[in-house]
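Engineer: Can you read through this structure? Questions will come right after.
The values are calculated or read from the model by the stated rules, or taken from the named source; none is laboratory data. Remember, predicted model here, so these are calculated numbers, not experimental data. Every residue, glycine among them, receives a Cβ derived from its backbone with ideal geometry; neighbour counts consider all protein chains shown. With ligands, DNA and RNA removed, areas are computed over all heavy atoms of the protein, side chains included. Shrake-Rupley method; radii C 1.70, N 1.55, O 1.52, S 1.80 Å.
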Amino acid sequence: MQDETKFSHLTEEFIKVNNLLTQIQKKTIKISNNIKLSTSMIHLLELINKYPNATITELSIRLGVTKGAISQQINTLKKLKFINISQGKNNKKNKLISLTTVGKGILNSHDSLHKELYDSIQGKLSTFTNEQLQIIQDILGEISYSIKEYQTKLSEGKY
């Protein structure tokens with residue numbers, strides 16, 4: 001019974017974190033007087049910066065969203081001149097995405113907004129050992145995998 005209660009509390013905390021992140025994803029952030037972007041677009045810019053010349057498929061896998069969702073955001077970011085799109089050398093079907101100078105500037109502005117939050121989280125995590133941090137990472141990976149499996153089964157009508 002004790003384990004069931006612990007699992008229930010962990011599940012509640014996970015759902016709370018998920019709901020908070022979902023709320024954040026829907027909010028727009030004012031980067032400058034004339035530029036507002038959704039949090040999900042900013043996170044896509046961060047990923048493009050971290051993985052230059054990644055494909056839409058690679059980005060969708062890393063973010064855990066559909067290629068269609070990425071494509072829609074890519075179109076908007078391209079119109080805003082925040083990204084460049086080029087064709088892959090080995091596979092002409094692959095579109096390689098990279099940040100423009102303007103896109104990098106947007107990302108720098110956003111990074112300063114995140115600094116306080118990230119510093120707070122890093123401060124709290126600094127009390128954990130590397131082994132504990134690895135366990136947290138493993139747990140989050142397992143949860144992510146289980147959710148993906150569940151989504152697949154739901155989409156296939158297996159529930």
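Engineer: Which residue, of Thr11, Thr22, is outside any loop (DSSP other than H, G, I, E, B), within 19 Å of the chain's Cα centre (by Cα) and at pLDDT below 90?
Structural biologist: Being outside any loop (DSSP other than H, G, I, E, B), within 19 Å of the chain's Cα centre (by Cα) and at pLDDT below 90 holds for just one of Thr11, Thr22, which is Thr22.
Engineer: Starting from residues that are touching a strand residue (DSSP E or B) at 6+ places or on another chain (Cβ under 8 Å) and either hydroxyl-bearing (Ser, Thr, Tyr) or assigned to a helix (DSSP H, G or I) (or both), keep the ones in the range 25-39 and report whichever is nearest to His110 (Cα to Cα).
Structural biologist: Among those that are touching a strand residue (DSSP E or B) at 6+ places or on another chain (Cβ under 8 Å) and either hydroxyl-bearing (Ser, Thr, Tyr) or assigned to a helix (DSSP H, G or I) (or both), it is Thr39.
Engineer: Also: Taking the range 53-68, which residues are surrounded by 14 or more Cβ atoms within 10 Å (Cβ to Cβ), hydroxyl-bearing (Ser, Thr, Tyr) and part of a helix (DSSP H, G or I)?
Structural biologist: Ser60, the sole residue that qualifies.
Engineer: So how many residues does the range 140-159 have that are hydroxyl-bearing (Ser, Thr, Tyr) and open to solvent by 90 Å² or more (accessible area, probe 1.4 Å)?
Structural biologist: Going through the range 140-159 one residue at a time, the tally reaches 4.
Engineer: Return the pair list, or none, for Cβ contacts closer than 7 Å from residues in the range 75-94 that are farther than 18 Å from Gly105 by Cα to residues that are small (Gly, Ala, Ser), at least 6 apart or on different chains.
Structural biologist: Short answer, once both residue conditions are applied: Asn94/Gly88.
Engineer: Regarding Ile85, is this residue open to solvent by less than 90 Å² (accessible area, probe 1.4 Å) and β-branched (Val, Ile, Thr)?
Structural biologist: So Ile85 fits the description; yes.
Engineer: For the range 36-45, check the following and say yes or no: at least one residue is touching a residue at least 40 places away in the same chain (Cβ under 8 Å) and open to solvent by 40 Å² or more (accessible area, probe 1.4 Å).
Structural biologist: No, that holds for no residue.
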